Amino acid sequence: MNSKIVLLVILMIASVKVFSQDKMTFGVNFGYDYNDKYLENLDGAENVNELPDFNIGVDVGIELTERIRVRGELKYVNLSFTRDFTGYTDEDFSVDHTKFTANFIGFNPRFDYRLFSLGNFETYFSTGLKLEFSAGDYIRTFDNNGDKYDDLKYFSNGKYIHDSVLAGAVGGFIFKYNINQKLGITIMPEYTSFLSRFYNDNQTSLQRANVNIGIEWTF
């Protein structure tokens, strides 16, 4: 079954290539995210972003003209933080802190416009949409004795359930250095403004700034 799916994807890409008669690109990239407007302190607990959030992605693009191309991105997005419950007391034991990780899968349509080329360097303005779907989360709770619990979901239910679908508008730039006609290195800074809040009780919508580094093939 897996081999049939791979063959189908190859045939689809090949058919698009033949039909469009335009250059296609395939990219792989990795980057760090700074997520804002979701670490608001709730019920006296202090939220701290101790570990950097990150994303891993692949994309396929079709050059429609010398300056314009469209792309589709597939992304894995990791968002995590620590919530400090210093002073919070439960009936059974005192909670010290929890570590929270949320996983998302993104399907992002993108539109790139090449601003200029200078030798082997190219610069694009890129915009589009981000559509991210929850792929599960993980919460580990630690008490004041240092014991850890994976089955205690403190403040992960009710009004503190995060949105399962995140949608927003993204804008940024692509700086590309072409090693040769087929292979290039990319640096992509961008900013995303989501239309919804991460937690229902947050006051403002989720915002994200990130920088990705990748490799892009042209064929």
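Read-outs: derived from the displayed coordinates by stated rules, not from any lab. Nothing here was measured: the structure is a model prediction, and the numbers come from that model. Counting neighbours? That spans all protein chains shown, and the Cβs are built from the backbone with ideal geometry, glycine included.
Where does the charge balance sit around residue 185 when Lys and Arg score +1, Asp and Glu -1, over other residues with C-beta under 12 Å from its C-beta?
Result for the local shell: -1.
Can you give me the long-range amide H partners of residue 144? Hydrogens built in the peptide plane at 1.01 Å from N, cutoff under 5 Å, separation of 5 or more residues or another chain.
94, 96
Which ³J(HN,Hα) values, rounded to whole Hz and listed in residue order, are derived for region 167-176 from phi using the Karplus coefficients 6.51, -1.76 and 1.60 in 6.51 cos²θ - 1.76 cosθ + 1.60 with θ = phi - 60°, glycine and proline given as x?
Couplings: 10, x, 9, 10, x, x, 10, 10, 10, 10 Hz.
Multiplying the sequence separation of residue 169 and residue 140 by 0.36 nm and subtracting their Cα-Cα distance, what value in nm do you get?
Difference between extended and current length: 7.2 nm.
For residue 207 and residue 76, compute 0.36 nm times the residue count separating them, minus their Cα-Cα distance, and round to one decimal in nm.
45.4 nm
Summing +1 for each Lys or Arg and -1 for each Asp or Glu, what net charge is found among the other residues whose Cβ lies under 14 Å from the Cβ of residue 146?
0
Suppose every Lys and Arg Cβ carries +1 and every Asp and Glu Cβ carries -1, with no other charges. What dipole size does region 103-219 come out with about its Cα centre, to the nearest 20 debye?
The dipole of region 103-219 has a size of about 360 debye.
Quick one: net charge of residue 130's neighbours, Cβ under 12 Å, K/R +1, D/E -1?
Its environment carries a net charge of -1.
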